[in-house]
Amino acid sequence: MEYIIKDKIDELISKGIVAFGTEKDETTKEAIRVKLELHRAIKTEFKKIEGRTGKEITPEEELKILVDMKSKREEAWNIYKDAGRWDLANKENMEAEILSHIIPAMPTEDDIKNYTEEVIQQQFGGKCAMKDMKVILAEVKKKYPFANGGVVSQVVKLHV
């Protein structure tokens with residue numbers, strides 16, 4: 001799995017600063033400001049985790065951070081919307097939208113089932129035992145870090 005945005009975050013921030021400084025239209029400038037603040041927040045989250053663990057985040061951790069940030073923005077959007085704070089709700093919504101364009105599409109249940117079938121076929125010749133579940137799940141999680149273990153388990157049980 002490759003990094004989604006970590007390798008490009010400094011460049012995105014630099015470009016955002018330049019764009020913000022040269023833009024004359026206030027509406028466009030506000031959109032650039034929100035995006036720039038979000039990119040800075042993403043970098044801060046990465047640095048916070050790296051500082052806590054003492055090592056560079058993995059692509060899987062990067063994806064989890066981005067998904068968590070998006071869900072927090074969506075939750076905040078609902079809270080602000082319900083409170084009638086449209087100024088804050090709109091900002092959270094814009095950030096969630098930006099994050100949804102950064103985060104790759106999540107696999108469907110069928111994607112996970114099909115890939116699990118493929119792993120069982122390649123590594124075990126189509127027949128496996130429940131004791132192989134750990135190996136199969138680890139392989140599926142390499143491709144789909146957020147794969148539901150229950151879905152993988154269902155497929156494994158069909159091949160026991």
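Computed quantities for the displayed model
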read-out	value
Under the Karplus curve 6.51 cos²θ - 1.76 cosθ + 1.60, θ = phi - 60°, whole-Hz ³J(HN,Hα) for the range 49-60, x wherever Gly or Pro sits	5, 5, x, 6, 8, x, 9, 5, 5, 8, x, 5
Shape call, the range 16-92: gyration tensor on alpha carbons, a/c limit 1.5	oblate
For Gly51, net neighbour charge (Lys/Arg +1, Asp/Glu -1) across residues whose Cβ lies under 14 Å away	+1
Phi-based couplings in Hz for the range 93-102 (Karplus 6.51, -1.76, 1.60; Gly and Pro marked x)	5, 4, 5, 4, 5, 4, 4, 5, 7, 7
The range 13-52, dipole about Cα centre (Lys/Arg Cβ +1, Asp/Glu Cβ -1), debye to the nearest 20	240
Two-site FRET efficiency, Lys127 against Glu50, from Cβ-Cβ distance with R₀ of 41 Å, rounded to 0.05	0.45
Set of aspartates and glutamates near Lys29 by C-alpha distance (under 18 Å), chain-local residues within fewer than 8 positions excluded	Glu37, Asp87, Glu92, Glu95, Glu97
Three-way shape label, the range 109-158, alpha-carbon gyration tensor, a/c 1.5	rounded
Violating pairs (Cα-Cα greater than 24 angstrom) within the set Lys64/Lys141; Lys55/Lys142; Lys24/Lys81; Lys35/Lys64; Lys70/Lys157; Lys70/Lys142	Lys24/Lys81; Lys70/Lys157
Taking the chain and dividing mean pair separation by its residue count, relative contact order in percent (alpha carbons under 8 Å, at least six apart)	20
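Computed from the coordinates by the stated procedures, all read-outs in this text should not be read as laboratory data. Bear in mind that the values here come from a model prediction, so they are computed numbers and not experimental data. We place every Cβ from the backbone using ideal geometry, glycine too, and count neighbours over all the protein chains shown.
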